[in-house]
Amino acid sequence: MPEQAGAEVPSAGAEVGAGAVGDGGEPAAPRPEERLERAVRAAEQALIEYEIAVDTFRIEVENFSRLHHQKLGPMYSRLDELDARIAEAKAARSGDPEDIRLADEARARVMPMPAVEELFHGWMDGEGLFPEAAAMLTEQPVRPPQRVRPSEEARKLYRELARKAHPDLAQDDDERKRREEFITRVNAAYSRGDAPLLRELAEEWAAGPAPAERGPSPSEELYARLEWLAQRKELLTLVARELEEGAIGSMLRIAPDDPDRLLDEIADQLLAQVAEREAELAALLGEPDTSAGASGSVES
């Protein structure tokens, strides 16, 4: 799970630092809301850091998922097709109803009917259709998805912008809306690894209106704020756990520093399985074994 950054939320009974000095030289009594304000500020910063970590991991999972599909998808499809043909060959040889049923099931798995969500998965983001999706819909040549690995500069710019422009730092609805729209553009640029655009966005934010200073808030609002922050953290924890426990997230955990090597290893294993299936099918059909040449034709 993405590591949580930031300070822990201090308890309401935490010691208050040195306060202002009164007219008589004695330390002035702290305002009743001071401890809560400090707790809210600490909780906000901790949540922002955690959200940045979760969003970064989500983008890594999405990018790796697209590369996984591009590199290994044809091999999985070939294996499904061979499994269906092997099952059909066995059914034709035996005529057994159970073998026929298994063959029908294997054939159905080759071309499953996708759900509506699956049809559009990986086709669009906050900026609209991906270029390859738009090309496909307009019958233009389709370019395969490219691996997006943001540079260190892009990562640094993204984190700085996320900290400065995070919607949770807004003081009113208009400011929150402005920040949300800006962060959407930042996320889209980072997902493409577009460092020049992130630099432009950093300049745009620096030239924009400065957020208003946080003024003292009533205790009730501060307590409500802390409760909302806690609920938001729980939601992010669930999102992070779902990403981490998914198939792609689990693969990234196995080889976080070199995921490409893991893909190469899986590709080698799939090619070996393809060769075994082709040899089995050739034996069932009484044909010469051409598995070496056929498996080598599957793109890796």
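Note down all Cβ pairs under 7 Å where the first residue falls in the range 234-248 and is under 12 Å from PHE57 (Cβ atoms), the second is outside any helix (DSSP H, G or I) and not aromatic (Phe, Trp, Tyr), and they're at least six residues apart or on different chains.
From the range 234-248, the pairs are ALA240/MET1; ALA240/PRO2; ARG241/MET1; GLU244/MET1.
When you go through GLU44, GLU62, GLU49 one by one, which is the residue that is touching a residue at least 24 places away in the same chain (Cβ under 8 Å), in a helix (DSSP H, G or I), surrounded by fewer than 18 Cβ atoms within 10 Å (Cβ to Cβ) and of a type outside the set (Val, Ile, Thr)? Don't jump to the end; show me each part of the working.
Numbers: GLU44 fails: surrounded by fewer than 18 Cβ atoms within 10 Å (Cβ to Cβ); GLU49 fails: surrounded by fewer than 18 Cβ atoms within 10 Å (Cβ to Cβ).
GLU62 is the lone residue from the list that is touching a residue at least 24 places away in the same chain (Cβ under 8 Å), in a helix (DSSP H, G or I), surrounded by fewer than 18 Cβ atoms within 10 Å (Cβ to Cβ) and of a type outside the set (Val, Ile, Thr).
Filter the range 74-103 down to the residues that are aliphatic (A, V, I, L, M), over 41 Å from the mean Cα position of the chain (by Cα) and under 11 Å from LEU284 (Cβ atoms) and list them by number. Give the steps one after another, and end with the answer.
Keep residues of the range 74-103 that are aliphatic (A, V, I, L, M), which gives 75, 79, 82, 84, 86-87, 89, 91-92, 100, 102-103.
Still in the list and also over 41 Å from the mean Cα position of the chain (by Cα): 89, 91-92, 100.
Hits for the range 74-103 are ALA89, ALA91, ALA92.
Among (1) within 21 Å of ALA42 (Cα to Cα); (2) small (Gly, Ala, Ser); (3) modelled with pLDDT of 90 or more, there is one condition GLY215 misses while meeting the rest; what is its number?
(3)
Any chance the range 128-147 includes a residue that's in contact with a Leu (Cβ under 7 Å, 6 or more places away or on another chain), surrounded by 12 or more Cβ atoms within 10 Å (Cβ to Cβ) and modelled with pLDDT of 85 or more? Full working, then the answer.
Restricting attention to the range 128-147, the residues satisfying the condition of being in contact with a Leu (Cβ under 7 Å, 6 or more places away or on another chain) are 147.
With surrounded by 12 or more Cβ atoms within 10 Å (Cβ to Cβ) added as a condition, the list becomes 147.
Restricting the remaining residues to those that are modelled with pLDDT of 85 or more gives none.
No: the range 128-147 contains no residue that is in contact with a Leu (Cβ under 7 Å, 6 or more places away or on another chain), surrounded by 12 or more Cβ atoms within 10 Å (Cβ to Cβ) and modelled with pLDDT of 85 or more.
Starting from the range 185-196, take each residue that is touching a residue at least 40 places away in the same chain (Cβ under 8 Å) and list its partners that are open to solvent by less than 10 Å² (accessible area, probe 1.4 Å) and of a type in the set (Gly, Ala, Ser), counting only C-beta distances under 6 angstrom and pairs at least six apart or across chains.
Close Cβ pairs satisfying both conditions: GLY193/ALA154; ALA195/ALA154.
Consider GLU160 carefully, then state whether it is within 23 Å of the chain's Cα centre (by Cα), modelled with pLDDT of 90 or more and not small (Gly, Ala, Ser). Walk me through how you get there before you give the answer.
Details: within 23 Å of the chain's Cα centre (by Cα): yes; modelled with pLDDT of 90 or more: yes; not small (Gly, Ala, Ser): yes.
Yes: the conditions hold for GLU160.
The values are calculated or read from the model by the stated rules, or taken from the named source; none is laboratory data. Treat the numbers as computed from the prediction; the structure is a model and nothing was measured. Here Cβ is always computed from backbone atoms with ideal geometry, including for glycine, and neighbour counts include all displayed protein chains. Accessible surface areas use protein heavy atoms only, side chains included; no ligands, DNA or RNA. Shrake-Rupley method; radii C 1.70, N 1.55, O 1.52, S 1.80 Å.
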